[in-house]
Amino acid sequence: MLRSAKSVPSDLVYYFGENSFHLGNFKQSVDWLNKYIQLKGTTGQFSALAVERLKSAEEGLMKEKVVESQQARQVLSQDYDIDCGPTGKVTCPVCKGSTVIIKKGYVSDTYKTCPYCNKLGYLQCEDYNLLLKGQLEPSTTNP
Ligand SMILES: [Zn+2]
């Protein structure tokens, strides 16, 4: 039915936006409705409805973001510990296991020993959790 994006009638764009909204897909709904308003301005058959629906969709999207950031905060909160599995070790996320941190410079790159994993490339679970909470102090014994 739809040969290409260009051939989609603008009314359909509005219906897609409306439909996405009812499916709870607010992000997509916002995209479609913006597209409709772009195409039709404020004089289209559904312009008033689209503007109104866009407001609701954006509110829905906002609420989703609030929930997401609350979840993220929960994960990173002080009393949440990540389970590192039976080995109790995690690849160092700072150097990605390479034990070296490369700093891109204008002339040349600078190589520095990773101050977090002590040349091991991995962290003990305890240290890993500290790092995630921003409480792991980098080692100062590096040259
Ligand atoms: Zn490291």
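The single condition among (1) of a type in the set (D, E); (2) at pLDDT 90 or above; (3) not assigned by TED's automatic domain parsing to the domain that holds G134 that E68 does not satisfy is (2).
Of everything listed in (1) more than 16 Å from the ligand (Cβ to nearest atom); (2) at positive phi, the single unmet condition for T99 is (1). Of all residues in the range 32-42, one or more are modelled with pLDDT under 90 and polar (S, T, N, Q). Count of the range 122-143 residues, restricted to those that are surrounded by 16 or more Cβ atoms within 10 Å (Cβ to Cβ), in contact (Cβ under 8 Å) with a residue 24 or more places away in the chain and in a loop (DSSP other than H, G, I, E, B), is 0. Quick check: anything in the range 67-81 among the aromatic types (F, W, Y) and in contact (Cβ under 8 Å) with a residue 40 or more places away in the chain? No - not one qualifying residue is present in the range 67-81. For the range 66-88, the criterion of being within 16 Å of the ligand (Cβ to nearest atom) and surrounded by 14 or more Cβ atoms within 10 Å (Cβ to Cβ) is satisfied by at least one residue. Regarding the range 110-121, can at least one residue be identified that is more than 17 Å from S139 (Cβ to Cβ) and either more than 12 Å from the ligand (Cβ to nearest atom) or buried (at least 17 other Cβ atoms within 10 Å of the Cβ) (or both)? There is at least one residue in the range 110-121 that is more than 17 Å from S139 (Cβ to Cβ) and either more than 12 Å from the ligand (Cβ to nearest atom) or buried (at least 17 other Cβ atoms within 10 Å of the Cβ) (or both).
The values are calculated or read from the model by the stated rules, or taken from the named source; none is laboratory data. This is a predicted model, so every value here is computed, not measured. Cβ coordinates were reconstructed from backbone atoms using ideal geometry, including for glycine residues, and neighbour counts include every protein chain displayed.
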